[in-house]
Amino acid sequence: MSEKSNARESIVSTAARLFFSQGYHATGLNQIIKESSTPKGSLYHYFPQGKEELAHECIQKANEHILQTFEKTFAAHDNTGDAIQRFIHDLAHETEAAGFTGFLPFSFWAAVETSCISQQLRIACQGVFADWQDVIKKHLILDGVGEEKARETALLIISLMEGALIISLTNQDKQPLLTAAEYLSVVTKNAKQIQ
């Protein structure tokens, strides 16, 4: 990896960590520059439109990571219910291991921090949720669930998962996530029967 791409990656990874841990508004470009140990000129070279462009890149990177994790988890399980349960259990354990700090749920960050300040970031966040819904829907259809029920169930999964994460972080307790995982596993497995 070249020095230039190292600088860009350092800026993006630092910005992502800060945006997702302390929020968009609380993160300044000077803090990103300082903590990434890159020259100020590098940030503006790679992201000439500044903070909004950098946040957009972070949203895309976070989405790629989550989609890869979804696909890896789905590949390791025979059905969508078991995969979703494992995905949320892993999320619960990662959240607890991080001491219930260090990141915000994507929904909170997207809805509270970016959607009201930027049409571009709002559209990017819409795309993230649509991508997550599509990947879950695809696997539900492979399980034999009809397309409309699969779409609705995928939306329910994302909504309950993100909501449970907010409650877990607020209460500093992984139990809301574990409870969501149990219910979603049942809902997912029964989606085929309740079409």
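The values are calculated or read from the model by the stated rules, or taken from the named source; none is laboratory data. This structure is a prediction, so every number in the text was calculated from the model and none was measured. Cβ coordinates were reconstructed from backbone atoms using ideal geometry, including for glycine residues, and neighbour counts include every protein chain displayed. Areas reflect the complete protein model, heavy atoms only, side chains present, ligands, DNA and RNA absent. Shrake-Rupley method; radii C 1.70, N 1.55, O 1.52, S 1.80 Å.
Summary of values
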| quantity | calculated |
| --- | --- |
| Pair Leu29, Ala75: separation of 7 Å Cα→Cβ label points (nm) | 3.9 |
| Lysine pair count for the chain [Cα-Cα under 22 Å; pairs on different chains or 8 or more apart] | 23 |
| Amide proton proximity set for Val145, modelled H, under 5 Å, gap of 5+ | none |
| Cα-projected label distance for Asn6 with Ser37, points at 7 Å along beta-carbon direction, nm | 0.9 |
| Carbon and sulfur %, accessible surface of the chain computed with the full protein complex present, 1.4 Å | 54 |
| Cα-based shape type of the chain, given that a ≥ b ≥ c are square roots of the gyration tensor eigenvalues and the cut on a/c is 1.5 | prolate |
| Modelled FRET efficiency - R0 25 Å, Val186 with Arg86, Cβ distances, 0.05 increments | 0.95 |
| Residue (of Leu155, Val135, Ala62) at the positive-pole extreme of the chain, dipole from beta-carbon charges | Ala62 |
| Accessible solvent surface per residue of the chain, calculated while the other protein chains remain in place, 1.4 angstrom probe, Å² | 51 |
| Whole-number percent relative contact order across the chain, with pairs defined as alpha carbons under 8 Å at least 6 apart | 25 |
